[in-house]
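Enquirer: Sending over a structure as structure tokens; questions will come in a sec.
What follows is calculated from the coordinates using simple rules that are stated; it is not laboratory data. All values derive from a computational prediction rather than experimental measurement. Cβ placement follows ideal geometry from the backbone for every residue including glycine, while neighbour counts extend to all protein chains displayed.
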Amino acid sequence: MQIHFSRATKILAGSFLAATLFASGYVAGQNRFGQPKTILHVVELKWNPTATDADKQRAIEGIKDMAGKVPGIKNIWIKGERMQPRDFNAAYAIEFRDRDAADAYAESKAHAAWELQYVPLREASVSIQVTNP
């Protein structure tokens, strides 16, 4: 048995399908965001003029090594994309599970050892920590 649809029915069905696809795309494209309770530690660096490119690279790569030794670090970012003020040259960010993890990082031996190598290379740095209520 074959079912025949009139031209008007086909046009109506096609229009309904197009409207449904458009609405689905619109809903999927809505900007959704979360507010995690993690702590984000962001540091912007201005290298000392005497620091070599190899020194700078070792300092930034050292963040990965340090992050592997400090419990509670969830993620790291080690490539600065845009600097403000513009005379700063590098940036990194570390995401901590919670306040206790951020505090443990500040007091950890791994962080202290990394800082011993890094501090002589920097001329200045700006550091902030951000979280959500």
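Enquirer: Given H placed 1.01 Å from N in the peptide plane, which residues other than close sequence neighbours of residue 89 have an amide H under 5 Å from its amide H?
Expert: 45, 46, 47
Enquirer: Now for a separate question. List nothing, just return the count: lysine pairs in the stretch 39-130, 8 or more apart or interchain, with Cα separation under 23 Å.
Expert: 13
Enquirer: Under the definition of Cα pairs under 8 Å and six or more residues apart, what whole-number percent is the relative contact order of the chain?
Expert: This gives 38 percent for the chain.
Enquirer: Tabulate in residue order the Karplus-calculated ³J(HN,Hα) for the stretch 55-64, using 6.51 cos²θ - 1.76 cosθ + 1.60 with θ = phi - 60°, rounded to whole Hz; enter x for Gly and Pro.
Expert: With the stated coefficients, the stretch 55-64 comes to 4, 4, 4, 4, 5, 5, 5, x, 5, 4 Hz.
Enquirer: Between the DSSP loop rule and a limit of at most 11 other Cβ atoms within 10 Å, which chymotrypsin sites (Phe, Trp or Tyr not before Pro) in the stretch 25-133 are left?
Expert: Filter output for the stretch 25-133: 33.
Enquirer: Would you please state which residues of the stretch 60-100 a label at residue 123 would reach in this model, taking the label point 7 Å out along Cα→Cβ and a backbone N cut-off of under 11 Å?
Expert: Taking a point 7 Å out along Cα→Cβ of residue 123, the residues of the stretch 60-100 whose backbone N falls under 11 Å are 87-89.
Enquirer: Are there GluC sites (Glu not before Pro) in the stretch 1-83 that DSSP marks as loop and that have at most 11 other Cβ atoms within 10 Å, and which are they?
Expert: In loop regions of the stretch 1-83 (DSSP not H, G, I, E or B), the sparsely surrounded GluC sites (Glu not before Pro) are 81.
Enquirer: Within a Cβ distance under 14 Å of residue 101, other residues only, what is the Lys/Arg minus Asp/Glu net charge?
Expert: My count for the surroundings of residue 101 gives 0.
Enquirer: In vacuum, with every alpha carbon of the chain counted as one equal point scatterer, what does the Debye formula give for log10 I(q)/I(0) at q = 0.17, 0.19, 0.20, 0.21 Å⁻¹? Two decimals, please.
Expert: Rounded to two decimals, the profile gives -0.95, -1.09, -1.16, -1.24.
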